[in-house]
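The values are calculated or read from the model by the stated rules, or taken from the named source; none is laboratory data. Because the structure is a prediction, the values reported are computed rather than measured. Neighbour counts are summed over all protein chains in view; Cβ atoms, including those assigned to glycine, are modelled from backbone coordinates with ideal geometry.
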Amino acid sequence: MIYIIQKAAAILIGSLLISIGINGFLVPHHLLDGGVTGIALILHYYYGFPTGLGMFILNIPLCIYAWIYERTFLYNSFLGLIVASIFIDWLAPLRTQFLLSIFTSGVLGGAFIGIGVGIMLRYKATTGGTDLLAQFITEAFSVNIGFVILIINGLIVTAAFNTLGLKAFLFSCLTICIIGMITSLMARTSNS
């Protein structure tokens, strides 16, 4: 029972931090996160589509696949996906609250998101998306999950390069690196 309460708290706190990172720091400078969140941000930047709703809709095919083939992955991701999606859209007013430089925003956004993801991963929870897709690919092809996530994130940011421009592309890469380093550090310390 205590573990369930801790997991729920991790999902709430992690989702809150991810939402602050996205809305407070990435969106004001049109920076991207990787994975499904990155695609949802692209939809937001170009079509005004709500980021959290986009993230949820884009995860539906992965959730269906997980329901059919790997329900454990679905159980560990679905609640995190719902909470993070709601928080991201609910905290959209933060987009005008922290008017910092693009460098500072990239670093802080990456830190907030990395800590949020790391907290959730400590309790085997995720927001779905790239983590869920990478788990499927790793299971199918026996490749390193970190490598798979890096490739997917790199493809998404590269696909947006022409429309975002060089500056946003470079700082999005910085943000993704910070997210990866902090998430890896937190995952490593939780295993020791």
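For the reader, a short list of remarks on this structure follows.
- Selection count where residues are assigned to a loop (DSSP other than H, G, I, E, B) and closer than 23 Å to I68 by Cα, scope region 124-157: 7
- Residue count, region 114-150 (criterion: among the charged types (D, E, K, R) and within 11 Å of the chain's Cα centre (by Cα)): 1
- Residues of region 125-150 satisfying the condition of being loosely packed, with under 15 Cβ neighbours inside 10 Å and farther than 28 Å from L12 by Cβ: E139, A140, F141, S142, V143, N144, F147
- Scanning region 111-124 for residues that are at pLDDT below 95 and either surrounded by 22 or more Cβ atoms within 10 Å (Cβ to Cβ) or among the aliphatic types (A, V, I, L, M) (or both) gives I113, G114, I115, G116, V117, G118, I119, M120, L121.
- A111 being among the aliphatic types (A, V, I, L, M) and over 16 Å from the mean Cα position of the chain (by Cα): no
- Residue ID - farthest from H29 (Cα to Cα), chosen from residues in region 156-174 that are loosely packed, with under 15 Cβ neighbours inside 10 Å and among the small types (G, A, S): A159
- In region 1-57, the residue that is surrounded by the fewest Cβ atoms within 10 Å (Cβ to Cβ) out of those that are in a loop (DSSP other than H, G, I, E, B) and over 12 Å from the mean Cα position of the chain (by Cα) is M1.
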